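Undergrad: Below is a structure I'd like to ask you about.
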Amino acid sequence: MDLERVRHSTAHVMAAAVIRLFENVQLDIGPATADGFYYDFDLPHRFTPEDFSRIEAEMSRMVAANLPFERVEMTREKAALELKGQRYKLERLADIPEGEPISFYRCGDFSDLCRGPHLGSTGEIPAFKLLSVAGSYYRGIETNPMLQRIYGIVAESAKALQAQLDLLEEARKRDHRKLGRELDLFSQHDEVGPGLIHWHPKGARIRSLIEDFWRREHFRGGYELLYTPHIGRSLLWETSGHLGFYRESMYAPMEIDELQYFLKPMNCPFHIQVYKSQLRSYRDLPLRWAELGTVYRYEKAGVLHGLLRVRGFTQDDAHIFCTTEQIEAEVQRTIRFALYFFKAFGFTDISAYLSTRPAKAIGSEERWTQATASLEQALKAEGLAYTVDEGGGAFYGPKVDLKVKDVIGREWQLSTIQFDFNMSERFDITYIGEDGQAHQPYMVHRALLGSLERFFGILIEHYGGAFPLWLAPEQVRVLPLTDKQIDAAQKASETLRAADLRVKVDGSAGKLGAKIRNAQLEKIPYMLVLGPKEAEAGTVSVRSRTGGDQGAMAVAAFVQQVKAEAAPRSEP
């Protein structure tokens with residue numbers, strides 16, 4: 001089944017149903033998406049989920065009628081008459097370059113400007129469901145009218161549709177924005193601005209654990225760490241090309257000493273300045289420099305999404321400078337390092353995508369060939385299945401994207417390994433080779449986790465907020481049965497804390513059942529119940545988040561057990 005064609009055809013049928021049911025409907029676009037379809041409408045009526053059953057019923061009637069999809073080409077003048085009164089469609093018509101065919105698809109009494117392709121008829125559309133409605137700015141520009149976007153899904157059978165709906169419900173339960181509030185992990189505030197994250201103590205504790213692991217493994221992996229400024233002069237961004245090609249995503253400049261400075265959208269130019277701070281020899285290479293560098297990029301309000309799409313974020317950035325002879329080994333080392341990280345955080349289903357030289361590119365063909373070959377060879381050496389996107393690379397170098405699947409099968413892009421011939425040339429970076437001459441090193445951008453904010457959002461959804469023991473912000477909660485056991489509970493917690501475990505005592509006046517429920521809702525891995533018998537014997541009654549009651553145990557024995565369980569983070 002050609003799912004893209006099915007989804008696009010279903011979007012057209014939905015638009016036809018809306019036209020039939022509501023008055024004064026202005027249409028924009030209705031494409032297929034990676035997991036469904038949508039259509040954008042402008043009309044006086046405000047859609048609610050209660051409207052969906054009517055729209056679905058009308059769509060079902062059209063499917064049952066088995067109406068053919070007919071492609072019709074028109075002149076620009078005739079197309080304009082066909083779209084009379086449809087302001088958004090007329091603007092889309094104007095976007096079609098002169099000389100390109102202008103096509104419509106008819107379906108019963110409905111006609112839509114569209115390049116297609118579509119199914120043969122509406123009767124080929126299988127099971128479908130409308131899901132939600134949301135606001136969407138026309139063309140994604142905030143100063144344009146706000147349209148109403150209805151989302152839907154379609155599947156090859158009613159059973160497959162129900163499986164998709166079940167998956168969506170599971171994803172809703174795991175939504176990092178919902179869990180972030182419930183578990184008190186992070187927040188955003190209008191007074192500060194959208195897309196700017198506040199890490200709460202629990203979220204900050206997890207971030208600290210991630211960063212500590214990241215730093216330790218980078219030192220072990222032969223990297224050195226850098227810290228670079230948050231702002232830089234306009235001259236730097238002119239040289240890098242950002243002001244020419246990336247200005248719309250950069251924040252407004254500030255003036256300091258009559259010079260313009262910009263918040264950094266990327267760390268690369270700063271790392272290059274460190275490289276250029278002294279003469280480099282081939283004996284110095286490779287250089288592997290990493291930074292948890294916070295950057296700021298303007299994103300339109302309509303695309304901001306919790307932790308996954310923000311305006312200020314910390315990249316786990318690195319740049320590798322190496323010689324021609326070193327490049328293959330360095331790329332393979334980088335991919336192996338990325339796989340190590342994925343496994344450490346619980347991701348084992350990994351796929352790779354190799355993007356090669358586009359039609360317009362800088363850098364010699366020889367360097368492109370060698371860089372691409374090193375990426376491909378490294379993927380093969382690590383046994384990774386990969387898809388080649390011919391011509392899909394950036395103009396400045398080929399790249400590999402590594403994606404992981406989470407526990408419910410959704411794919412997330414994490415690592416990117418990107419060659420950059422542009423920066424090397426713009427900043428004229430060189431090293432002195434064995435022949436005593438200046439040579440341009442290969443420069444590789446590399447991010448393992450992408451950004452800490454986005455990675456944290458993915459982790460929340462992957463684990464449903466129930467983080468593994470080594471990442472849990474609170475690993476153990478001690479629950480005294482009554483006030484008489486609070487001193488014993490505090491003593492037990494001190495023993496645990498001395499062993500570097502993260503522990504709290506619930507000294508509230510509630511009943512034990514309520515304390516256990518609270519700990520379960522907060523997804524605490526272990527609860528230690530302390531009643532009079534345990535206090536007298538110097539033991540605790542252990543309850544696990546997943547295994548329930550595990551019986552009484554000496555505090556020292558429990559410490560050994562938990563330390564052993566948390567240890568795998570060191571050897572993923």
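Undergrad: Looking only at the range 311-336, which residues are out of contact with any Ser or Thr (no Cβ under 8 Å at 6 or more places or on another chain) and within 20 Å of Phe456 (Cβ to Cβ)?
TA: Matches in the range 311-336: Arg311, Asp317, Ala318.
Undergrad: Next up: Check the range 507-515 and report whether any residue there is closer than 21 Å to Ala554 by Cβ, touching a residue at least 12 places away in the same chain (Cβ under 8 Å) and not aliphatic (A, V, I, L, M).
TA: Within the range 507-515, none of the residues are closer than 21 Å to Ala554 by Cβ, touching a residue at least 12 places away in the same chain (Cβ under 8 Å) and not aliphatic (A, V, I, L, M).
Undergrad: Scan the range 238-276 for residues that are assigned to a helix (DSSP H, G or I), among the aromatic types (Phe, Trp, Tyr) and at pLDDT 95 or above and jot them down. Before you say what the answer is, go through the steps one by one.
TA: Of the range 238-276, the ones assigned to a helix (DSSP H, G or I) are 238-240, 242-245, 247-249, 268-275.
So of that shortlist, the ones also among the aromatic types (Phe, Trp, Tyr) come out as 245, 270, 275.
The answer is Phe270, Tyr275.
Undergrad: Which of the following residues is closer than 25 Å to Val310 by Cβ, surrounded by fewer than 19 Cβ atoms within 10 Å (Cβ to Cβ) and not assigned by TED's automatic domain parsing to the domain that holds Val310: Arg181, Arg215?
TA: The match here is Arg181.
Undergrad: Follow-up. Hey, can you tell me all the residues within the range 194-212 that are modelled with pLDDT of 95 or more, loosely packed, with under 14 Cβ neighbours inside 10 Å and outside any helix (DSSP H, G or I)?
TA: Result: His198, single match.
Undergrad: Continuing with this model, one more query. Tally up the residues in the range 396-435 that are assigned to a loop (DSSP other than H, G, I, E, B), charged (D, E, K, R) and under 27 Å from Leu384 (Cβ atoms), please.
TA: Residues in the range 396-435 being assigned to a loop (DSSP other than H, G, I, E, B), charged (D, E, K, R) and under 27 Å from Leu384 (Cβ atoms): 3 in total.
Undergrad: Look through the range 1-42, keep the residues that are among the aromatic types (Phe, Trp, Tyr) and surrounded by 17 or more Cβ atoms within 10 Å (Cβ to Cβ), and return whichever of them is farthest from the chain's Cα centre (by Cα).
TA: Phe41
Undergrad: Sticking with this one: So, in the range 363-389, of the ones that are over 20 Å from Glu330 (Cα atoms) and within 24 Å of the chain's Cα centre (by Cα), which residue ends up surrounded by the fewest Cβ atoms within 10 Å (Cβ to Cβ)?
TA: Thr387
Undergrad: A further question on this structure: What are the residues in the range 18-42 that are assigned to a strand (DSSP E or B), over 19 Å from Asp109 (Cα atoms) and in contact with a strand residue (DSSP E or B) (Cβ under 7 Å, 6 or more places away or on another chain), if any?
TA: Result: Phe37, Tyr38, Asp40, Asp42.
Undergrad: If I go through the range 121-160 residue by residue, how many of them are aliphatic (A, V, I, L, M), surrounded by fewer than 19 Cβ atoms within 10 Å (Cβ to Cβ) and under 17 Å from Asp2 (Cβ atoms)?
TA: Of the residues in the range 121-160, 2 are aliphatic (A, V, I, L, M), surrounded by fewer than 19 Cβ atoms within 10 Å (Cβ to Cβ) and under 17 Å from Asp2 (Cβ atoms).
Undergrad: A further question follows. Can you name the condition, by its number, that Arg502 falls short on among (1) surrounded by fewer than 23 Cβ atoms within 10 Å (Cβ to Cβ); (2) over 30 Å from Asp317 (Cβ atoms); (3) not assigned by TED's automatic domain parsing to the domain that holds Phe321?
TA: For Arg502, the exception is condition (2).
Undergrad: Here's another thing I want to ask about it. Give all pairs with beta carbons closer than 8 Å in which a residue from the range 417-444 that is free of Cβ contacts under 8 Å to residues at least 12 places away in the same chain meets a residue that is outside any strand (DSSP E or B) and surrounded by fewer than 18 Cβ atoms within 10 Å (Cβ to Cβ); count only pairs at least 6 apart in sequence or on separate chains.
TA: Ala438/Thr430
Undergrad: Under the condition of being in contact with an Asp or Glu (Cβ under 6 Å, 6 or more places away or on another chain) and under 21 Å from Asp212 (Cβ atoms), which residue from the range 293-324 is modelled with the lowest pLDDT?
TA: The selected residue is Asp317.
Results for (1) outside the structural domain of Ile197 (by TED's automatic domain parsing); (2) among the acidic types (Asp, Glu); (3) touching a Leu at 6+ places or on another chain (Cβ under 9 Å), shown as yes or no for each residue.
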{"position": "Arg446", "(1), (2), (3)": "no, no, no"}
{"position": "Leu452", "(1), (2), (3)": "no, no, yes"}
{"position": "Leu471", "(1), (2), (3)": "yes, no, yes"}
{"position": "Asp487", "(1), (2), (3)": "yes, yes, no"}
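Undergrad: Oh, and also: Within the range 288-309, take every residue that is outside any loop (DSSP other than H, G, I, E, B) and either of a type in the set (Phe, Trp, Tyr) or in contact with a Pro (Cβ under 8 Å, 6 or more places away or on another chain) (or both) and give me the one that is surrounded by the fewest Cβ atoms within 10 Å (Cβ to Cβ). Explain how you work it out, then say what you get.
TA: Taking the range 288-309 and keeping what is outside any loop (DSSP other than H, G, I, E, B), we get 288-296, 301-303, 305, 309.
Those left that are additionally either of a type in the set (Phe, Trp, Tyr) or in contact with a Pro (Cβ under 8 Å, 6 or more places away or on another chain) (or both): 289, 295-296, 301.
Details: Trp289: 19, Val295: 17, Tyr296: 19, Ala301: 10.
The residue in question is Ala301.
Undergrad: Of everything in the range 175-216, what is of a type in the set (Lys, Arg) and within 20 Å of Trp470 (Cβ to Cβ)? Give them in sequence order. Talk me through it step by step, then tell me what you get.
TA: Of the residues in the range 175-216, the ones of a type in the set (Lys, Arg) are 177-178, 181, 202, 205, 207, 215-216.
Passing the criteria: Lys202, Arg205, Arg207, Arg215, Arg216.
Undergrad: Residues Ser187, Ser157, Ser234: which one is among the hydroxyl-bearing types (Ser, Thr, Tyr), without any contact (Cβ under 8 Å) to a residue 60 or more places away in the chain and under 30 Å from Ala566 (Cα atoms)?
TA: Going through Ser187, Ser157, Ser234 in turn, the sole match is Ser187.
Undergrad: Also, I was wondering about something else. What number of residues within the range 337-392 satisfy the criterion of being in contact with a Pro (Cβ under 7 Å, 6 or more places away or on another chain) and farther than 29 Å from Phe456 by Cβ?
TA: 6
Undergrad: Of all residues in the range 235-256, how many are buried (at least 16 other Cβ atoms within 10 Å of the Cβ) and in contact with a Phe, Trp or Tyr (Cβ under 6 Å, 6 or more places away or on another chain)?
TA: 4
Undergrad: If a residue has to be at pLDDT 95 or above and among the aliphatic types (A, V, I, L, M) to count, how many in the range 476-488 make the cut?
TA: 3
Undergrad: Could you grab me the full set of residues in the range 448-471 that are of a type in the set (Gly, Ala, Ser) and either closer than 23 Å to His218 by Cβ or part of a strand (DSSP E or B) (or both)?
TA: Going residue by residue through the range 448-471, those that are of a type in the set (Gly, Ala, Ser) are 450-451, 457, 464-466.
The answer is Gly450, Ser451, Gly457.
Undergrad: What single numbered condition from (1) under 19 Å from Leu185 (Cα atoms); (2) not assigned by TED's automatic domain parsing to the domain that holds Ala318; (3) not small (Gly, Ala, Ser) fails to hold for Ile206?
TA: Tallying (1) under 19 Å from Leu185 (Cα atoms); (2) not assigned by TED's automatic domain parsing to the domain that holds Ala318; (3) not small (Gly, Ala, Ser), Ile206 fails exactly one: (2).
Undergrad: Restricting to strands (runs of 3 or more DSSP E) lying wholly in the range 310-389: which have 1 or more residues that are in contact (Cβ under 8 Å) with a residue 60 or more places away in the chain?
TA: Strands (runs of 3 or more DSSP E) meeting the threshold: 312-322, 350-355.
Undergrad: Here is a follow-up. Do we find that Gly393 is at pLDDT 95 or above, of a type outside the set (A, V, I, L, M) and buried (at least 22 other Cβ atoms within 10 Å of the Cβ) in this structure?
TA: No; evaluated as a whole, the condition is false for this residue.
Undergrad: Next question, about the same structure. Can you tell me which of (1) within 18 Å of Phe37 (Cβ to Cβ); (2) modelled with pLDDT under 95 is the one Gly99 doesn't meet?
TA: (1)
Undergrad: Return the only residue of Leu90, Leu67, Leu83 being farther than 16 Å from Ala134 by Cα, surrounded by 17 or more Cβ atoms within 10 Å (Cβ to Cβ) and either acidic (Asp, Glu) or free of Cβ contacts under 8 Å to residues at least 40 places away in the same chain (or both).
TA: Criteria check complete, one pass: Leu83.
Undergrad: If you don't mind, another one. When you look at Arg283, is it farther than 23 Å from His189 by Cβ, surrounded by fewer than 19 Cβ atoms within 10 Å (Cβ to Cβ) and basic (Lys, Arg), yes or no?
TA: yes
The values are calculated or read from the model by the stated rules, or taken from the named source; none is laboratory data. In this text the structure is predicted, and so the values were computed from the model without any measurement. When we count neighbours, we look across all protein chains shown, and the Cβ atoms used for this are built from the backbone with ideal geometry, even at glycine.
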